[in-house]
Amino acid sequence: MIDHAHDLGAVRGATERLLDAVGKLDNASVGGASRLPGWSRGHVLAHLSRNADALGNVLRGLPMYASSETRDADIAVGAPRPAAEQLTDLRESADGFLAVAAEPADWSRTVTLRNGVTDSAARVPFRRWVEVELHHVDLGVGYELEDLPAEFVEREIAFLADRFLGNEAVPATGLTDLDGRTWSTGGGPPSELVTVQGPAVELLGWLCGRRDGAALTVAGGPLPALPPL
């Protein structure tokens with residue numbers, strides 16, 4: 001059972017950590033390269049602000065973005081703004097999302113996200129939590145995967161494993177962390193099962209494309225190549 005109220009609290013905490021970090025950046029730092037290829041930190045921040053608006057749209061029953069082209073253009077336009085403007089936009093858009101989420105609603109309803117993806121409204125706060133946490137890491141300002149809350153790491157592994165489950169382009173794969181927790185993903189033949197073991201944070205890093213999996217132990221075949229998120 002998804003506890004959207006709990007996840008909204010987690011979003012608030014993650015957002016405060018992010019705002020504190022961004023508040024320490026100057027214009028040169030915001031214009032510097034992020035860890036995402038081709039994106040400056042300004043691109044990441046603009047994306048986070050527009051994502052808050054977009055997920056607010058989802059909760060209102062509106063299209064998440066007017067179009068893919070509009071989404072990309074808004075990020076490109078917002079990226080070169082100075083640090084103070086980025087921080088203000090980040091804070092105000094985050095507050096706007098939380099305000100929409102505080103309105104009385106049927107959290108069991110199905111909502112439509114980008115590219116026609118559907119989900120329960122109750123999972124939208126978790127999706128925002130994912131955006132804030134992982135893109136905070138992408139900024140490259142001292143917040144690492146190892147700093148992520150343990151609950152978030154476990155739940156995001158499960159979420160991503162489920163996302164690739166049944167995908168025949170990914171071999172059947174069993175994941176195990178150092179605490180013995182297990183997940184299954186992929187859609188290849190069970191007879192060709194690949195097992196991947198390692199610290200939970202390294203499993204997450206590989207699944208979300210932030211690490212190459214070199215710290216993981218793999219048996220039954222090479223480390224599977226995962227589709228882009």
Among the aliphatic types (A, V, I, L, M), assigned to a loop (DSSP other than H, G, I, E, B) and at pLDDT 95 or above: which single residue out of LEU160, LEU226 fits that description?
LEU226
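Output the residues belonging to region 109-122 that are crowded, with 16+ Cβ neighbours inside 10 Å, touching a strand residue (DSSP E or B) at 6+ places or on another chain (Cβ under 9 Å) and either outside any strand (DSSP E or B) or aromatic (Phe, Trp, Tyr) (or both). Outline the logic, then answer.
Narrowing region 109-122 to residues crowded, with 16+ Cβ neighbours inside 10 Å: 111, 113, 121-122.
Filter once more, keeping what is touching a strand residue (DSSP E or B) at 6+ places or on another chain (Cβ under 9 Å): 111, 113, 121.
Those that are crowded, with 16+ Cβ neighbours inside 10 Å, touching a strand residue (DSSP E or B) at 6+ places or on another chain (Cβ under 9 Å) and either outside any strand (DSSP E or B) or aromatic (Phe, Trp, Tyr) (or both): LEU113, ALA121.
Counting only residues that are assigned to a helix (DSSP H, G or I), among the hydrophobic types (A, V, I, L, M, F, W, C) and either over 14 Å from LEU87 (Cβ atoms) or touching a Ser or Thr at 6+ places or on another chain (Cβ under 9 Å) (or both), how many does region 1-44 have?
Counting residues in region 1-44 that are assigned to a helix (DSSP H, G or I), among the hydrophobic types (A, V, I, L, M, F, W, C) and either over 14 Å from LEU87 (Cβ atoms) or touching a Ser or Thr at 6+ places or on another chain (Cβ under 9 Å) (or both) gives 8.
With respect to LEU175, determine if the residue is of a type outside the set (Phe, Trp, Tyr), assigned to a helix (DSSP H, G or I) and either touching a Lys or Arg at 6+ places or on another chain (Cβ under 7 Å) or surrounded by 19 or more Cβ atoms within 10 Å (Cβ to Cβ) (or both). If you could, list the steps in order and put the result at the bottom.
On the way: of a type outside the set (Phe, Trp, Tyr): yes; assigned to a helix (DSSP H, G or I): no; either touching a Lys or Arg at 6+ places or on another chain (Cβ under 7 Å) or surrounded by 19 or more Cβ atoms within 10 Å (Cβ to Cβ) (or both): yes.
So LEU175 does not fit the description; no.
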For residues that are buried (at least 16 other Cβ atoms within 10 Å of the Cβ) and without any contact (Cβ under 8 Å) to a residue 24 or more places away in the chain, scanning just region 203-229, find the one that is nearest to ASP147 (Cα to Cα).
TRP206
Identity of the residue in region 68-89, of a type in the set (Ser, Thr, Tyr) and at pLDDT 95 or above, that ends up farthest from TRP39 (Cα to Cα)
THR88
Filtered residue count, region 56-87, keeping only those that are assigned to a helix (DSSP H, G or I), closer than 23 Å to ALA105 by Cβ, open to solvent by less than 60 Å² (accessible area, probe 1.4 Å) and free of Cβ contacts under 8 Å to residues at least 60 places away in the same chain:
2
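Would you check if LEU45 is of a type in the set (A, V, I, L, M, F, W, C) and surrounded by fewer than 20 Cβ atoms within 10 Å (Cβ to Cβ)?
Details: of a type in the set (A, V, I, L, M, F, W, C): yes; surrounded by fewer than 20 Cβ atoms within 10 Å (Cβ to Cβ): no.
No; evaluated as a whole, the condition is false for this residue.
Can you tell me which residue within region 187-201, out of those that are over 24 Å from the mean Cα position of the chain (by Cα) and hydrophobic (A, V, I, L, M, F, W, C), is surrounded by the fewest Cβ atoms within 10 Å (Cβ to Cβ)?
Residues of region 187-201 that are over 24 Å from the mean Cα position of the chain (by Cα), as a first pass: 188-195.
From the residues that got through so far, the ones that are hydrophobic (A, V, I, L, M, F, W, C) too are 193-194.
Details: LEU193: 16, VAL194: 20.
Among those that are over 24 Å from the mean Cα position of the chain (by Cα) and hydrophobic (A, V, I, L, M, F, W, C), it is LEU193.
The values are calculated or read from the model by the stated rules, or taken from the named source; none is laboratory data. Nothing here was measured: the structure is a model prediction, and the numbers come from that model. Counting neighbours? That spans all protein chains shown, and the Cβs are built from the backbone with ideal geometry, glycine included. Surface areas here come from the heavy atoms of the whole protein model, side chains and all, with no ligands, DNA or RNA. Shrake-Rupley method; radii C 1.70, N 1.55, O 1.52, S 1.80 Å.
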